[in-house]
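I am attaching a structure below and will ask some questions about it afterwards.
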Amino acid sequence: MRVNLSSSWRASLIAAFAFTLTGAELEAQRGGRGTTIGPGESCPPGTTEIRPRTCMGPEAPAPSILDYRPRSTLVVPAHPVPRAKYPVIDFHGHPRGAFESVESLATLGAELDALNVRLMISAGNTSGEALQRGVATIAASPTMKDRVRILTGIDFRNVGPGWAERAIARLEADVAAGAVGIGEIGKSFGQTIIKADGSRLALDDPDLDPIWAAAARLGLPVFIHTGDPPEFYETHDYENERWLELALFPNRYIGPDQHPTFEDLMRERDNLFRRNPRTTFVAAHMGWHANDLGRLGRMLEAMPNLYVEVGAILYDLGRQPRAAHDFFVRFQDRILFGKDSYQPVEYPYYFRVFETRDDYFDYYRDYHAFWKLYGIDLPDEVLKKVYYRNALRITPRLPQEGWPE
Ligand SMILES: [Zn+2]
């Protein structure tokens, strides 16, 4: 059969075969909207790659990242977990003055009951008289006396001659008053705290070794938060995963030229853990390595005195469900549940990630993560360890009775 083609049609066909251009690409080029890029190049701003190495911008104005909220059409089973399967110890609690009165404790208790959080550890560096008052209020609560415990703090200012003796005396007094551990040692430690001689107090300063030895002697876990998410130290550009957070809260930006750098802090922190092997350390936020579980796994293998807590890094666990599952199974004796910022509505996201194998569900805070979460489907024995057993084991002063087998 003979087909007549007009000359322009023929030219188009030849062009299409010669350059393997498809309809969309031809359309882009004819409209003058397409841009060709070289190998390894990215599309110019305002455009996206519609075919290999051909970029095009939308005809309609593009929404900002704040306003683009696509509705997922995925239809899959969903298993929300409003209440944890086993009782939980929140090792990273900030219950905002809840132990100032028996009444506020009762309110906290009702909220925790709904979540099956049985015990909250207040990680607010509560010391001296404030600690004594808190312990007395907790002891006076008929329903909450076994459900809140308090970590004490260390005053790291002016470390120098005589500091360790004073700090240990205060620590011993706080333990006598009811403190069950130390922390949360905040991120100013290692960054902005100055020694008596005017120098920056490094995390691994040998002058601190006596206080770490005292923590080991007294059976106190040391809960420590070091540095910030790695992206806070990177250039604040459109390739930064935390661009929105850094734009909402510009003072979180640290920048690559500031010291100590992220890696300086991590090196000093790891040296602190290694040089005090008899002291139990709990790294808050998985040491900011939840995005690199290989690195965190090597740390846990090298440092038997190290534990990690999962607060505020759920976005990293929930985007790697298989790797996170395997990591939790492998290091099931070393991971503690913690939430950090006390928002009762946010706990169920953690429970759903840990307990289910659900696909592609929302996270609670867009500026942490633009992606969805997946369940990591932990076995019951692992859940029990992460939820309460590990915290009980490393914190002998916690109420040890009445937990499930
Ligand atoms: Zn905290």
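I'd like to check one number: the per residue accessible area of the chain, probe 1.4 Å, reported in Å² as a whole number.
With all protein chains present, the chain gives 50 Å² per residue.
Pick from 214, 169, 179 the residue whose mean-square fluctuation is largest in a GNM of the chain, springs joining Cα atoms under 10 Å.
169
Step through the residues of segment 301-310 one at a time and calculate ³J(HN,Hα) from phi using the Karplus curve (6.51 cos²θ - 1.76 cosθ + 1.60, θ = phi - 60°), rounding each to whole Hz and writing x for Gly and Pro.
5, 7, 10, x, 8, 9, 10, 10, 10, 9
Determine the calculated [θ] at 222 nm for the chain from helices alone, applying -39500 (n - 2.57) to every DSSP H run no shorter than 4 residues and normalising by the residue count; nearest 500 deg cm²/dmol.
Details: 14 runs with 136 residues, N = 405.
Estimated from H runs of four or more residues: -10000 deg cm²/dmol.
Restricting to the chain, compute how many DSSP beta bridges are antiparallel as a %, nearest 5. Before the final figure, lay out each step's value.
On the way: 8 of 29 bridges.
Looking only at bridges with both residues in the chain, the antiparallel portion is about 30 percent.
Going down the list 85/372; 339/385; 187/372; 85/384, which pairs span over 20 Å between their C-alpha atoms? List each step's numbers first, then the result.
Numbers: 85/372 23 Å; 339/385 16 Å; 187/372 28 Å; 85/384 9 Å.
Checking Cα-Cα distances, 85/372; 187/372 exceed 20 Å.
Related question: I'd like to compare 193-204, 151-162: which one has the highest average count of other Cβ atoms within 10 Å, and what's the full order after that?
Top of the packing list down: 151-162, 193-204.
While we're on this one: Suppose every Lys and Arg Cβ carries +1 and every Asp and Glu Cβ carries -1, with no other charges. What dipole size does segment 256-351 come out with about its Cα centre, to the nearest 20 debye? Intermediate results must be reported in sequence, preceding the final value.
Numbers: 12 positive and 13 negative charges, 71 e Å.
Charge dipole, segment 256-351, about its Cα centre: 340 debye, nearest 20.
I would also like to ask the following. Take each of the peptides 127-133, 352-358, average the number of other beta-carbon atoms within 10 Å over its residues, and list them starting from the highest. Display every interim value, and only then the final one.
Working: 127-133: 16.3, 352-358: 21.6.
Output ranking for 127-133, 352-358: 352-358, 127-133.
Can you give me the angle between helix 262-275 and the longest principal axis of the chain, using Cα atoms only, in degrees from 0 to 90, rounded to the nearest 10?
Helix 262-275 and the main axis of the chain meet at about 40 degrees.
Further question on the same structure: Using packing as a proxy for protection, rank 56-62, 66-72 so that the peptide with the highest average count of other Cβ atoms within 10 Å comes first.
Details: 56-62: 11.9, 66-72: 7.7.
The packing order, highest mean first, is 56-62, 66-72.
Also: Report the full-extension gain for the segment residue 237 to residue 155: residue separation times 0.36 nm, less the Cα-Cα distance, to one decimal in nm.
Values: separation 82, 0.36 × 82 = 29.52 nm, distance 3.71 nm.
My answer for the length gained is 25.8 nm.
Please give the length that would be gained between residue 380 and residue 251 if that part of the chain were fully extended, namely 0.36 nm times their separation in residues minus their C-alpha to C-alpha distance (nm, one decimal).
Working: separation 129, 0.36 × 129 = 46.44 nm, distance 4.10 nm.
That pair, residue 380 and residue 251, stretches by 42.3 nm at full extension.
Now for a separate question. For segment 323-405, what is the Kirkwood hydrodynamic radius in Å, using each pair of distinct C-alpha atoms? Don't skip to the answer; put the middle values down first.
On the way: mean 1/r = 0.0711 Å⁻¹.
Over segment 323-405, the inverse of the mean reciprocal pair distance is 14.1 Å.
When the gyration tensor of the chain is built from Cα positions, what are the square roots of 5 times its three eigenvalues, in whole Å, from largest to smallest? Walk me through the intermediate numbers first.
Working: eigenvalues 514, 136, 67 Å².
Whole-Å semi-axes of the equivalent ellipsoid: 51, 26, 18.
Roughly how far apart, in whole Å, are the Cα centres of segment 175-218 and segment 298-315?
Value for the Cα centre distance between the two parts: 19 Å.
Return the FRET efficiency for the residue pair residue 68, residue 357: r is the Cβ-Cβ distance, R0 is 25 Å, and the value is rounded to the nearest 0.05.
Numbers: r = 28 Å, r/R0 = 1.13.
So the FRET efficiency works out to roughly 0.35.
Between residue 336 and residues 5 or more places away or on another chain, which pairs have amide H atoms under 5 Å apart, with H built 1.01 Å from N, and which residues are they?
308, 309, 310
Positive end of the charge dipole of segment 63-145 (Lys, Arg +1 and Asp, Glu -1 on Cβ, about the Cα centre): tell me which of 116, 98, 76 has its Cα farthest that way.
Most positive-ward Cα: 76.
In addition: If you roll a 1.4 Å probe over segment 152-284 with all protein chains in place, what percent of the accessible area is carbon or sulfur? Intermediate results must be reported in sequence, preceding the final value.
Working: 2990 of 5840 Å².
The nonpolar share, carbon plus sulfur, comes to 51 percent.
Here is a further query. Determine the dipole magnitude for the chain: charges of +1 sit on the beta-carbon of Lys and Arg, -1 on that of Asp and Glu, nothing else is charged, the reference point is the Cα centre, and the result goes in debye to the nearest 20. Kindly include the intermediate steps, with their values, before the conclusion.
On the way: 46 positive and 53 negative charges, 146 e Å.
The dipole of the chain has a size of about 700 debye.
The values are calculated or read from the model by the stated rules, or taken from the named source; none is laboratory data. A quick note: this is a predicted structure, and the numbers were derived from the prediction, not measured. Reconstructed Cβ throughout: ideal geometry from the backbone, glycine too, with neighbour counts over all protein chains shown. In case anyone asks, the SASA skips ligands and DNA or RNA and just uses the protein heavy atoms, side chains included. Shrake-Rupley method; radii C 1.70, N 1.55, O 1.52, S 1.80 Å.
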